[in-house]
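Notes to accompany the following structure.
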Amino acid sequence: MVEHNQSTYYKDPYPTTNTGSYDNKWKFNGKELDDATGMYYYGARYYDPRISIFVSVDPLAEKFVGRSPYEYCFNNPVNLIDPTGINPTGGPGGPPVKNLYIVLDYNIGGIGGKDAERDIIKFENMEKAGWKGIYASNMTQASKMAKEYLGNNQVDNMVVETHGTQITKNTNDVFISTDNNNPTRENIISTVNLQAKTEETQSFISLINSVKPDGNLFLNVCSTGSDENIMNEIGKQTGNNFNIYYANGDVSHFWGQREGMEGIGIYNPTQLFDKQRLDESGGKKRSTGGATYNIKEVYIRKEGITTD
């Protein structure tokens, strides 16, 4: 983060020379500028605005394995602040929340035309409840949006909502749609496409790898439980690092409508939380490590994804 001062008190935009009586040493983030060093004093260490890093090691560097001990706010100053020079925390814009709810754009002809009610998805009041809503046209866009939002952070819980079904009626092979408006064989997640590492499947794997080890992923997608091959391949490509919940049959999608807002599906905590998602055929939980268990219920709650 580089500070830029420009006003009538200064001869040049940068570097600056004060030509008036105004002399404020408390500038970037309200920290005191040390005239001798040209750096800001943060209490635990100094920050150099010319190169945008701290000039000494973070006293808590051992807590942040894999991070540079000199970087400011984990290189994410939009969402984080570091008022003491020791430990980045949530800033005025708020840190990335710990849960993601991702919805892919629906085709208005889906579910016998019912998807026309949510031709556009509008998330409301999600972050206040600890969830970030992401509405994307396809899986590749969803993965990019999640990465832009999270940076190097991971989430505790993730829901991926889209359509899915059996590839043919005579087999148990299923697919997960990555683009509901362009459902070609190339634009689906299937066992074959996962093994071929197509662009859309790798976008999906990159997206769900944003879940923390031992975290939870719910595939709010119909019929995935009828094809263990696809789930085995997903587990293989993610290292079985987190729990995956999925349905044997149909899943329930919940959204609201408002008068005068036809075609806009409202996704908010009231509509989404604390409702059973599986039909009578139940589903499965693929636990960290790869063991699979039968389950009867899945709920999305403020606290996360649960089976009760």
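We did not get these values from a lab; they are worked out from the coordinates using the rules stated. Just so you know, these numbers come straight off a predicted model, no measurement behind them. All Cβ positions, glycine included, derive from the backbone under ideal geometry; neighbour counts span all protein chains shown.
Structure summary
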{"item": "Förster-model FRET efficiency, 45 Å R0, Gln271 and Lys25, C-beta, rounded to 0.05", "result": "0.35"}
{"item": "Pairwise centroid distance, computed over Cα atoms, of the range 239-282 with the range 167-230, Å", "result": "17"}
{"item": "Candidates Asp250, Asp48, Asp279, ranked by Gaussian network fluctuation over the chain, Cα under 10 Å, top entry", "result": "Asp48"}
{"item": "Principal axes of the chain: Cα extent on each, largest first, Å", "result": "81, 49, 36"}
{"item": "Among Gly249, Gly110, Gly133, residue whose mean-square fluctuation peaks in a GNM of the chain (springs only between Cα atoms under 10 Å)", "result": "Gly110"}
{"item": "Cα gyration tensor shape of the range 111-238, rounded if a/c is under 1.5, else prolate or oblate by comparing a/b with b/c", "result": "oblate"}
{"item": "Set of lysines with alpha-carbon distance to Lys25 below 20 Å, sequence-local pairs under 8 removed", "result": "Lys11"}
{"item": "Sites Lys128 and Thr184 - FRET efficiency at Förster radius 51 Å, r taken between beta-carbons, to 0.05", "result": "0.85"}
{"item": "Cleavage-rule hits (trypsin sites (Lys or Arg not before Pro)) in the range 135-191: DSSP loop, at most 11 neighbouring Cβ within 10 angstrom", "result": "Lys169"}
{"item": "Candidates per trypsin sites (Lys or Arg not before Pro) in the range 248-306, loop by DSSP, up to 11 other Cβ within 10 Å", "result": "Arg258"}
{"item": "Gain in span if fully extended, Asn294 to Ile86, counting 0.36 nm per residue against the direct Cα distance", "result": "70.4 nm"}
{"item": "Per-residue Cβ neighbour rank within 10 angstrom, fewest leading, Phe54, Phe28", "result": "Phe28, Phe54"}
{"item": "Label-point separation, Glu71 to Gln166 (7 Å along Cα→Cβ), nm", "result": "4.8"}
{"item": "For the chain, share of DSSP beta bridges that run antiparallel, in % to the nearest 5", "result": "55"}
{"item": "Paramagnetic reach from Glu262 (point 7 Å along Cα→Cβ, amide N under 20 Å) across the range 116-135", "result": "116-122"}
{"item": "Relative contact order, percent, the chain [alpha-carbon distance under 8 Å, six or more residues apart]", "result": "12"}
{"item": "Farthest positive-ward along the chain dipole, Cα basis, beta-carbon charges - from Asn107, Tyr299, Ala142", "result": "Tyr299"}
{"item": "Segment Thr306-Asp250, extension gain: residue separation times 0.36 nm, minus the distance between their alpha carbons", "result": "18.4 nm"}
